[in-house]
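One structure is given below, encoded as structure tokens.
The values are calculated or read from the model by the stated rules, or taken from the named source; none is laboratory data. On a predicted model such as this, the values are computed, not experimentally measured, just so you know. Note that each Cβ is placed from the backbone with ideal geometry, even for glycine, and that neighbours are counted across all protein chains shown.
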Amino acid sequence: MSALMTLTKVNYQVGSHHILHDIDWEIQAGAHITMTGPSGSGKSTLVRIIAAMISKTSGELIFDGQPIETYDPIMYRRQVSYCFQQPTLFGETVADNLAFPYQIRKQPVDTAHVQEALENVGLTAATLTQRIGDLSGGERQRVALIRNILFLPKILLLDEVTAGLDEANKTIVHQWLKHMNRDHHVTTIMITHDAGELAAAQRMVTVSAGRLEETR
């Protein structure tokens, strides 16, 4: 596998508080990486820098052969997609949320593709008419994940997206992630503290006190 993204001497600080220290990291195309580390160690900060949600203080970040500063921010975020632990849904219904990726691209909604995506995470076409306020936590998270992958990114960043989900919902999300990674070659980086997810990790990195090391 070739390096899809390379971080070189990446630092991040706020005032005198140094959060990330000289991060050197190659992320291979098609990798499925589990990230862990103590709370406050800098994991989410690192992932948000990769997602271009915040800017590094210094260092270099190369994505697909170019510095991230050279990309149009909107186009970059279509290729490097970030999923929050607490999903934010909008509008009134599930359909409002799943139409959004098509609307911003000025394309008609591909209903068959949307319905297939719902079925892939254990939901049905009837979910489209459900009101956002009536969804369970697990349903909300799955809808948010679908919204991020209706148009496949090259990198999918997942910030503790299974935290708070029951085992059945975790299993559904894990199967979906494996499908995205194996069959569609989406590079995935998943932050987790879950013991089962850590035990199952094929490749794992740990962030501790703002420094990154490969631990498996």
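Checked against the criterion of being closer than 21 Å to Leu7 by Cα and touching a Phe, Trp or Tyr at 6+ places or on another chain (Cβ under 8 Å), the stretch 80-100 has at least one qualifying residue.
Annotation: Asn169 fulfils all but one of (1) at pLDDT below 90; (2) not in a helix (DSSP H, G or I); the unmet one is (2). For His184, indicate whether it is within 22 Å of Ile50 (Cα to Cα) and surrounded by fewer than 17 Cβ atoms within 10 Å (Cβ to Cβ). Yes, satisfied.
Inside the stretch 100-109, can you point out the residues that are within 24 Å of Thr187 (Cα to Cα) and surrounded by 14 or more Cβ atoms within 10 Å (Cβ to Cβ)? Please lay out each step first, then the result.
The first filter runs over the stretch 100-109 and keeps only residues within 24 Å of Thr187 (Cα to Cα), leaving 100-102, 104-105.
Correct list: Phe100, Pro101, Tyr102.
Going through the stretch 118-165 one residue at a time, which ones are of a type in the set (S, T, N, Q) and more than 22 Å from Ser81 (Cα to Cα)? Listed by number, the residues that qualify are Thr124, Thr127, Thr129, Gln130, Ser136. The conditions of being surrounded by 21 or more Cβ atoms within 10 Å (Cβ to Cβ), over 21 Å from Ala200 (Cα atoms) and either among the hydrophobic types (A, V, I, L, M, F, W, C) or in contact (Cβ under 8 Å) with a residue 60 or more places away in the chain (or both) are not met by Gly37.
Out of Leu157, Leu177, report the one residue that is part of a strand (DSSP E or B), under 23 Å from Leu4 (Cβ atoms) and not acidic (Asp, Glu). Walk me through how you get there before you give the answer.
On the way: Leu177 fails: part of a strand (DSSP E or B).
The unique qualifying residue is Leu157.
Residues in the stretch 110-123 that are in a loop (DSSP other than H, G, I, E, B) and at pLDDT below 95 were compared, and the one that is surrounded by the fewest Cβ atoms within 10 Å (Cβ to Cβ) is Gly122.
For residues in the stretch 124-139 being crowded, with 18+ Cβ neighbours inside 10 Å and not β-branched (Val, Ile, Thr), which is farthest from Glu92 (Cα to Cα)?
Gly138
Please tell me if Gln79 is at pLDDT below 95 and either surrounded by fewer than 17 Cβ atoms within 10 Å (Cβ to Cβ) or under 30 Å from Gly210 (Cα atoms) (or both). Considered against the rule, which asks whether it is at pLDDT below 95 and either surrounded by fewer than 17 Cβ atoms within 10 Å (Cβ to Cβ) or under 30 Å from Gly210 (Cα atoms) (or both), Gln79 comes out as no. Determine whether Gly196 is exposed (fewer than 14 other Cβ atoms within 10 Å of the Cβ), on the phi > 0 side of the Ramachandran plot and either within 15 Å of the chain's Cα centre (by Cα) or outside any strand (DSSP E or B) (or both). Spelling it out, it is not the case that Gly196 is exposed (fewer than 14 other Cβ atoms within 10 Å of the Cβ), on the phi > 0 side of the Ramachandran plot and either within 15 Å of the chain's Cα centre (by Cα) or outside any strand (DSSP E or B) (or both).
Residue under question is Arg142, and the condition is that it be closer than 30 Å to Val109 by Cα, touching a Pro at 6+ places or on another chain (Cβ under 7 Å) and either part of a helix (DSSP H, G or I) or among the polar types (S, T, N, Q) (or both); does it hold? No: the conditions fail for Arg142.
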